[in-house]
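First the structure, which I've put down as structure tokens, then a few questions once you've had a look.
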Amino acid sequence: MPEETIQQSLASQGVSRRDFLKLSGVLAAAMGLQLPPLEKSGLPAALGVPEQISPTEQTILNALETKQRLPVIWLEFQDCTGCTEAVTRSVSPSLTNLVLNTLTIEYHETLAAAAGFQVEQAKQDAMKKYAGQYILVVEGSIPTDLDGSYCVIGGRSAVEQLKEAAAGAAAIIAVGNCAAYGGLPKAKPNPTGAKGVWEIITDKAVVNISGCPAIPEATTGVIAHFAIFGTLPKLDKLNRPLTFYGKTVHDRCLRRPFYEAGKFALSFDDEGAREGHCLYKLGCKGPTTYSACATIKWDQGLSFPVQSGHPCLGCTEPNFWDGGGFYEGQSAPLDRPTITAVGAAVGVGAALGIGTALVNQSKKKAHKGES
């Protein structure tokens with residue numbers, strides 16, 4: 001393993017002790033950890049940090065001070081590199097720096113400065129040096145037809161390279177719907193015989209960070225969880241971390257109050273669409289799509305597809321591309337809870353939904369020259 005601890009590496013990059021202590025709280029929140037009641041930290045007030053931190057934060061601090069940096073090998077197969085692009089634009093700078101800089105990415109085709117035989121040798125050296133210790137991240141589906149000849153890197157098929165790298169990995173993470181479930185390459189008629197990682201690697205647990213692309217904070221959060229605790233987070237039946245995939249998009253959607261009220265957009269340019277009404281009747285798959293899109297969002301929490309006026313396509317679910325059409329059909333019964341339960345059910349989402357409608361109404365009046 002790299003000789004420096006995580007804390008030593010951060011310090012060498014100019015991270016102060018005060019910022020290092022704050023990082024524990026950032027990581028706890030990013031990993032979705034529940035923080036127990038606060039306890040006295042015993043840290044001097046001169047450090048400028050709270051006198052109390054939680055046991056969870058203290059555990060993270062201890063790990064960062066003692067654990068050595070973690071090697072990461074990142075493979076790419078049938079993909080568009082969208083998940084890599086998303087991770088490099090993550091809005092949690094401390095967390096992103098931890099994964100991309102403090103941890104050691106020993107191999108990554110897109111981010112590597114080297115190429116060809118040089119970078120392939122670096123991968124082989126890393127797998128040998130850190131056997132049984134590195135995290136394997138896989139992006140892109142794996143083609144299996146024609147002996148894997150649809151994706152060949154350095155003269156070797158994706159299937160061969162995946163099995164080789166997985167054999168020495170301490171943990172395996174499939175990033176994006178392609179790596180998790182086959183993605184768009186697996187769409188009918190699946191000409192390359194594309195498969196997800198967990199269909200090929202069956203003797204080890206594979207964490208699926210699904211999405212097209214995957215939410216970057218989910219990717220970096222899982223990597224940080226393993227780096228700090230040495231274990232994988234709790235997973236659902238599709239091997240997705242419950243922290244990020246435990247609720248549906250519909251559960252926390254800001255348009256849900258309109259769903260409860262039976263107000264729907266019937267086309268993309270009708271009055272309902274302009275008022276921010278629910279997109280359920282335009283084929284929104286939010287009620288059956290498990291993802292943190294509605295809460296984490298994208299671009300510093302600015303927005304996500306449903307908020308911007310586009311129905312959820314269900315991209316975190318297997319076979320979403322063959323689910324009866326993106327703008328056709330409805331993903332769940334139209335049964336709605338009684339209005340008395342709405343307040344408790346939607347919380348902040350209700351306020352945001354109503355706020356969106358009010359903003360739209362104000363814009364409409366301003367456009368018409370009304371007071």
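The values are calculated or read from the model by the stated rules, or taken from the named source; none is laboratory data. Model, not experiment: these values are computed from the prediction. For neighbour counting, all protein chains shown are included, and Cβ atoms are generated from backbone atoms with ideal geometry for every residue, glycine included.
Taking Pro241 as the residue in question, decide whether it is buried (at least 19 other Cβ atoms within 10 Å of the Cβ), more than 30 Å from Leu70 (Cβ to Cβ) and in contact with a strand residue (DSSP E or B) (Cβ under 9 Å, 6 or more places away or on another chain). Full working, then the answer.
Working: buried (at least 19 other Cβ atoms within 10 Å of the Cβ): yes; more than 30 Å from Leu70 (Cβ to Cβ): no; in contact with a strand residue (DSSP E or B) (Cβ under 9 Å, 6 or more places away or on another chain): yes.
Answer is no for this residue.
Could you check segment 146-159 and list, in sequence order, the residues that are in contact with a Ser or Thr (Cβ under 8 Å, 6 or more places away or on another chain) and surrounded by 14 or more Cβ atoms within 10 Å (Cβ to Cβ)?
Hits for segment 146-159 are Gly148, Tyr150, Cys151, Ser157, Val159.
Against the condition within 22 Å of Leu238 (Cα to Cα), within 25 Å of the chain's Cα centre (by Cα) and free of Cβ contacts under 8 Å to residues at least 60 places away in the same chain, how does Gly286 come out, does it pass? Lay out the reasoning, then the answer.
On the way: within 22 Å of Leu238 (Cα to Cα): yes; within 25 Å of the chain's Cα centre (by Cα): yes; free of Cβ contacts under 8 Å to residues at least 60 places away in the same chain: yes.
For Gly286, the condition - within 22 Å of Leu238 (Cα to Cα), within 25 Å of the chain's Cα centre (by Cα) and free of Cβ contacts under 8 Å to residues at least 60 places away in the same chain - is met.
Now, a different point. Exactly one of these conditions fails for Tyr150: (1) free of Cβ contacts under 8 Å to residues at least 60 places away in the same chain; (2) not in a strand (DSSP E or B). Give me its number.
Single failed check for Tyr150: (1).
I would also like to ask the following. Within segment 160-198, restricting attention to residues that are without any contact (Cβ under 8 Å) to a residue 40 or more places away in the chain and assigned to a loop (DSSP other than H, G, I, E, B), which residue is surrounded by the most Cβ atoms within 10 Å (Cβ to Cβ)?
Asn190
Separate question: Identify, please: which residue in segment 199-211 is among the hydrophobic types (A, V, I, L, M, F, W, C) and either in contact with a Ser or Thr (Cβ under 8 Å, 6 or more places away or on another chain) or modelled with pLDDT under 95 (or both) and is, among those, surrounded by the most Cβ atoms within 10 Å (Cβ to Cβ)?
Kept after step one, since they are among the hydrophobic types (A, V, I, L, M, F, W, C), are these residues of segment 199-211: 200-201, 205-207, 209.
Subsequent filtering for residues that are either in contact with a Ser or Thr (Cβ under 8 Å, 6 or more places away or on another chain) or modelled with pLDDT under 95 (or both) retains 200, 205, 209.
Details: Ile200: 16, Ala205: 12, Ile209: 30.
Among them, the one singled out is Ile209.
To continue, here is another question. Give segment 276-302 a look and list any residue that's part of a loop (DSSP other than H, G, I, E, B) and not small (Gly, Ala, Ser), or say none.
Hits for segment 276-302 are His277, Leu279, Cys284, Lys285, Thr289, Lys297, Asp299, Gln300, Leu302.
Modelled with pLDDT under 85 and surrounded by 11 or more Cβ atoms within 10 Å (Cβ to Cβ): is that true of Ser303 in this structure? Don't jump to the end; show me each part of the working.
Numbers: modelled with pLDDT under 85: no; surrounded by 11 or more Cβ atoms within 10 Å (Cβ to Cβ): yes.
So Ser303 does not fit the description; no.
Within segment 109-147, how many residues turn out to be among the small types (Gly, Ala, Ser), closer than 19 Å to Asn190 by Cβ and part of a loop (DSSP other than H, G, I, E, B)?
In the first step, residues of segment 109-147 are kept if they are among the small types (Gly, Ala, Ser); the result is 112-116, 122, 126, 131-132, 140-141.
Next, from what is left, pick out any that are closer than 19 Å to Asn190 by Cβ: 140-141.
With part of a loop (DSSP other than H, G, I, E, B) added as a condition, the list becomes 140.
Matching residues across segment 109-147 total 1.
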